[in-house]
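Working notes for the structure below.
The values are calculated or read from the model by the stated rules, or taken from the named source; none is laboratory data. The shown structure was predicted, so the numbers you read here are calculated from the model rather than taken from an experiment. Glycine also receives a Cβ, built like all others from the backbone with ideal geometry; neighbour counts cover every protein chain displayed. Surface areas here come from the heavy atoms of the whole protein model, side chains and all, with no ligands, DNA or RNA. Shrake-Rupley method; radii C 1.70, N 1.55, O 1.52, S 1.80 Å.
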Amino acid sequence: MDETLEELFAVIEDRKETLPEDSYTASLFTHEKGENEVLEKLGEETTELVLAAKDDDREEIAHEGADIIYHLLVLLSMKDMELSDLEAELEARR
Ligand SMILES: N=c1c2ncn([C@@H]3O[C@H](COP(=O)(O)OP(=O)(O)OP(=O)(O)O)[C@@H](O)[C@H]3O)c2ncn1[C@@H]1O[C@H](COP(=O)(O)O)[C@@H](O)[C@H]1O
């Protein structure tokens, strides 16, 4: 899981740097709504996750959970944070 997150975060950082035209990630960094777009996505997906949990729909829980993690990593990158900032916070709670 760690490796998957690290690889995904590296791709997100690359998209922020290179801004390819066909990249959804790049479109979040250049969106006319600014960071509000990613914040709105996080809100919508959290609602969808709650509904999936209420329905006991495990497939949908995994799908929405992955959407939330991806958009959370985009948000970290937008704020010029690192994955290690999140990791450090989790470690401090152990
Ligand atoms: N992990 C993701 C990822 N998760 C979600 N998404 C996109 O986030 C959007 C979610 O928004 P919505 O909920 O409105 O989408 P939707 O069409 O309603 O679909 P659902 O996901 O809700 O079913 C969709 O367009 C998804 O494609 C992602 N887009 C990209 N990635 C990763 O980022 C990498 C780079 O992608 P590009 O930037 O597109 O090159 C990819 O290789 C992936 O690894």
- Per-residue HN-Hα couplings for the stretch 44-57, Karplus 6.51 cos²θ - 1.76 cosθ + 1.60 at θ = phi - 60°, whole Hz, x for Gly and Pro? 4, 5, 5, 4, 5, 5, 4, 5, 4, 5, 4, 7, 6, 9
- May I have the count of lysine pairs in the chain with C-alpha atoms under 17 Å apart, counting pairs 8 or more residues apart or located on different chains? 5
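Mind ordering 17-23, 47-53 by average Cβ neighbours within 10 Å, highest first?
On the way: 17-23: 10.4, 47-53: 14.7.
Ranking the peptides 17-23, 47-53 by packing returns 47-53, 17-23.
Counting other Cβ atoms within 10 Å of each Cβ, which trypsin sites (Lys or Arg not before Pro) in the stretch 53-86 have at most 13 and sit in a DSSP loop?
Details: sites: K54, R58, K79; in loops: K79.
Hits after loop and neighbour filter: K79.
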- Per residue accessible area in Å² of the stretch 2-87, where ligands, DNA and RNA are left out and the probe is 1.4 Å: 66 Å²
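Could you look at the stretch 2-87 and say what percent of its accessible area is carbon and sulfur, using a 1.4 Å probe and all protein chains?
Values: 2860 of 5670 Å².
Carbon plus sulfur share of accessible area: 50 percent.
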- Please arrange T4, T25, T46 by accessible surface area, largest first, computed with a 1.4 Å probe and ligands excluded. T4, T46, T25
- Query: To the nearest 20 debye, what charge dipole does the stretch 1-63 have about its Cα centre, counting +1 at the Cβ of each Lys and Arg and -1 at the Cβ of each Asp and Glu?
  - Reply: 220 debye
- Sorted largest first, the C-alpha extents of the chain along its principal axes in whole angstrom are 40, 34, 20
